[in-house]
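The values are calculated or read from the model by the stated rules, or taken from the named source; none is laboratory data. Keep in mind that what you see is a predicted model, and the values were worked out from it rather than measured. Glycine gets a Cβ as well: all are built from the backbone with ideal geometry, and neighbour counts include every protein chain shown.
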Amino acid sequence: MSSQRSPQTPPEFFDLMLAYKNSALLKAGVELGVFELLAQGPSTAATVAQKLTIAERGARLLLNALAALGLLSSDGSSYQLTSSAAMYLVPGQPGYLGDMAHVMVSRWEWEAFGTLPDAVRHGGPVVSEHAETPRYGFWEHMAAFSGAVGRPVAEVTAAYLQPWAANRDRLNILDVGCGHGIFGFTLAAQHAHARVWSLDWPNVLDQTQKHAERFGLSDRSTMVPGDMFEAPLDGPYDVVLIANVMHHFSADRGTALLERLAGAMAPDGRIVLAGFLTHDGPPEQDTAAHLFSVLMLVWTHAGEVHSQETYLQMLRTAGFGSARVQPVPGLPLSIIVAERESADDNSWRATNRIAGGVPA
């Protein structure tokens, strides 16, 4: 996910062309349980095949390929994990990243990228289902498996807000397009007076609820099903979290969403945008962000990763000030935290009141 050197030689160009095979092999190893099994010790292809209930020929060829990639080592008859595979690809280890293969090499992204030439010609998606399709199945998948990236960003967010949040009498949190919900739950877990409202499609919130239970926050969390542009927001909220969402929209539509959310916030509340952003330098300085924008091309009608200045302008237009940008260590991601500018304390009620009152 970091910047990469430009290919210079024919073998390096071939490596670029073969990258999809590497991804497919890694995902197959994770999905079939190869790394988890070999964490128990070295094994032969025949034994791996028997224990995983797969064909011996398939096991042998997959194991050889994973060894060729440096994820396994082999003495010619048996296979074992390399130290890095043992650290990052074995479930239960602190550094486990394997679940992200289900997200980054999902069939949804794979199929969408297969249409990239047509998407470039048309300037948008040519598939019938995509990121803007209600109840899109990928979002359930992402909510279930993307914690490896979500957790460190959520921890940076919670640490940034901690001094301010700790001194508030009330901490009502709205997590918009929440997915797994880890952003809201991480913050709420650090403050006994916090409550979380998690907004997403109904099919996603089943996964969100499971994470709420893992955090021990079922009694302080509320699931809000619906479209973030249409669902009743209630309020006022002290914190609004929008993680990995804004790149799905044009700057104008993103600003409209921010304006809607501003109306549901306490006048001195904080809003947090988390995700990719670009800077003023050449594209190779923001490799991951520009590659992600191509996913938005095949998956959305107007989305892309916006520049830092564009995000700040969107926030200013929507009524936010005092914005600060905080990079996430070790990831090509950032958070932007902005304060809701002073406004009539009751202005949100005119557009966001719903039956049943507001959070206490």
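Worth a mention:
- Counting the residues of segment 68-113 that are under 22 Å from the mean Cα position of the chain (by Cα) and either loosely packed, with under 14 Cβ neighbours inside 10 Å or part of a helix (DSSP H, G or I) (or both) gives 18.
- Of all residues in segment 240-257, none that is in the same structural domain as LEU171 (by TED's automatic domain parsing) and at pLDDT 95 or above has its Cβ atom under 6 Å from the Cβ atom of a residue that is in a strand (DSSP E or B) and surrounded by fewer than 20 Cβ atoms within 10 Å (Cβ to Cβ), 6 or more apart or on another chain.
- Within segment 218-229, none of the residues are crowded, with 24+ Cβ neighbours inside 10 Å and of a type in the set (A, V, I, L, M, F, W, C).
- Scanning segment 16-41 for residues that are exposed (fewer than 12 other Cβ atoms within 10 Å of the Cβ), outside any helix (DSSP H, G or I) and among the aliphatic types (A, V, I, L, M) yields one hit, LEU18.
- Residue that is surrounded by fewer than 17 Cβ atoms within 10 Å (Cβ to Cβ), among the aliphatic types (A, V, I, L, M) and either at pLDDT below 95 or over 20 Å from VAL176 (Cα atoms) (or both), where the choices are ALA289, ALA302, ALA350: ALA350
- Criterion: in a strand (DSSP E or B) and modelled with pLDDT under 95 - qualifying residue of ASP268, ASP280: ASP268
- Those residues of segment 189-219 which are assigned to a helix (DSSP H, G or I) and either within 19 Å of the chain's Cα centre (by Cα) or β-branched (Val, Ile, Thr) (or both), in sequence order: PRO202, ASN203, VAL204, LEU205, ASP206, GLN207, THR208, GLN209, LYS210, HIS211, ALA212, ARG214
- When segment 122-140 is filtered for residues that are aromatic (Phe, Trp, Tyr) and over 17 Å from the mean Cα position of the chain (by Cα), nothing remains.
- Tally of residues being part of a helix (DSSP H, G or I) and over 14 Å from VAL103 (Cβ atoms) across segment 130-152: 1
- Pair list, Cβ < 7 Å and 6+ apart or interchain, from segment 190-201 residues that are free of Cβ contacts under 8 Å to residues at least 40 places away in the same chain to residues that are of a type in the set (Lys, Arg) and surrounded by fewer than 24 Cβ atoms within 10 Å (Cβ to Cβ): HIS193/ARG170; ALA194/ARG220; VAL196/ARG220
- Taking each residue of segment 125-150 that is on the phi > 0 side of the Ramachandran plot and looking for partners that are part of a loop (DSSP other than H, G, I, E, B) with beta-carbon atoms closer than 7 Å, six or more apart or interchain, yields ARG135/TRP201.
- When residues in segment 108-128 are screened for being more than 22 Å from MET17 (Cβ to Cβ) and of a type in the set (Val, Ile, Thr), 2 of them pass.
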